Amino acid sequence: MHDGKATIIVSLSDYAGGEPSESWVLTVDGLDMTVDETLRQLQELTWATKGEYPVMSSLRSRQGVHDWGASSAFVEFILDVSASGVGALGAVAFEAAVRDLFSRFRSRSRGDYWGNTISEEDALAVARRRVASQYGVEPEELSVQRAEIDAVDGAHDFRFSHADGRTFGAVVGILRDSPTCMRIWREEPSG
């Protein structure tokens, strides 16, 4: 069992290890799974398209301790999957498999999984920070094109434009009483 924060990121990239076109992000406290068990569960996603072989991927983890007077442990798991190996038809199955796996991870973590909805202003700040850190853009350079709320999940769905022509998106909700960016994506300019 890991007592600190666990962050699990699953990304689709043109090639394993490249800049992701889409990522799903889950952060939980007290994940009741060993590092090896979590890695095995993530590796199973590479078979989600039911192909003859697993899709090309890169899986890594790191552990550490943040210490600023008090200390807390953390572990991160990052699975990069080649989008070309998933294909257009397999993308739906892959996304469903990620959602199912994240649901299992949440059920094996501590506490209440969803709280009340976050304000749009706070959700927007979380979305901008996550997109900026993942894609190397400045948060202030992201102009909001669309802001919607999913009343069922209490999540905010944002679409941003950037001066270089790229489009980014983020879904932010409350997970374990904390604002969490659960999915991000980017689109290159067409043409």
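Of all DSSP beta bridges in the range 5-107, what percent run antiparallel (nearest 5)?
Of the beta bridges lying entirely in the range 5-107, close to 70 percent run antiparallel.
Placing +1 on the Cβ of each Lys and Arg and -1 on the Cβ of each Asp and Glu in the range 120-187, which of V172, A127, I184 has its Cα farthest towards the positive end of the resulting dipole?
Of the candidates, I184 comes out farthest on the positive side.
Give me the dipole magnitude in Debye, nearest 20, for the range 120-187 about the Cα centre, with unit charges on the beta carbon: positive for Lys and Arg, negative for Asp and Glu.
With only Lys, Arg, Asp and Glu charged at Cβ, the dipole is about 260 debye.
Of Y135, Y15, Y53, how do they rank once you tally other Cβ atoms within 10 Å and put the fewest first?
The fewest-first ordering by Cβ neighbours comes to Y53, Y15, Y135.
Give me the net charge of R128's neighbourhood, meaning all other residues with Cβ under 10 Å from the Cβ of R128; Lys, Arg count +1, Asp, Glu -1.
Value of the local net charge: -1.
Kindly provide the GluC sites (Glu not before Pro) of the range 1-100 that DSSP labels as loop, not H, G, I, E or B, and whose Cβ sees at most 16 other Cβ atoms within 10 Å.
In loop regions of the range 1-100 (DSSP not H, G, I, E or B), the sparsely surrounded GluC sites (Glu not before Pro) are E52.
Short version: ³J(HN,Hα) in whole Hz for each residue of the range 124-131, in order, from phi by Karplus 6.51 cos²θ - 1.76 cosθ + 1.60 (θ = phi - 60°), x for Gly and Pro, what are they?
Ordered by residue, 3J(HN,Hα) equals 4, 5, 5, 4, 4, 4, 5, 4 Hz.
For a quick check of your reading of the filter: which trypsin sites (Lys or Arg not before Pro) in the range 4-92 sit in a DSSP loop and have no more than 14 other Cβ atoms within 10 Å?
For trypsin sites (Lys or Arg not before Pro) across the range 4-92 that sit outside H, G, I, E and B with at most 14 neighbouring Cβ atoms in 10 Å, the list reads K50.
For the range 55-62, take each phi angle, set θ = phi - 60°, evaluate the Karplus expression 6.51 cos²θ - 1.76 cosθ + 1.60, and give the result in whole Hz per residue in order, putting x for glycine and proline.
Running phi through 6.51 cos²θ - 1.76 cosθ + 1.60 with θ = phi - 60° gives 6, 4, 7, 9, 10, 9, 9, 8 Hz.
Name the most mobile residue of D150, D67, D32, meaning the one with the largest mean-square fluctuation, in a Gaussian network model of the chain with Cα contacts below 10 Å.
Looking only at D150, D67, D32, the biggest GNM fluctuation is shown by D67.
Please report the Cα spread of the chain along all three principal axes, rounded to whole Å, starting with the longest.
Ordered largest first, the chain gives principal extents of 46, 46, 33 Å.
Restricting to the chain, what percent of DSSP beta bridges are antiparallel, rounded to 5?
Among the beta bridges of the chain, antiparallel pairing accounts for roughly 85 percent.
Please report the projected area of the range 5-107's Cα convex hull averaged over all directions, in nm².
Across all orientations, the range 5-107 yields a mean hull projection of 6.7 nm².
Every number in this text was worked out from the coordinates using simple rules, so none of it is lab data. Computed from a predicted model, the values in this text were never measured in an experiment. Every residue, glycine as well, gets a Cβ built from its backbone with ideal geometry; the counts of neighbours run over all protein chains shown.
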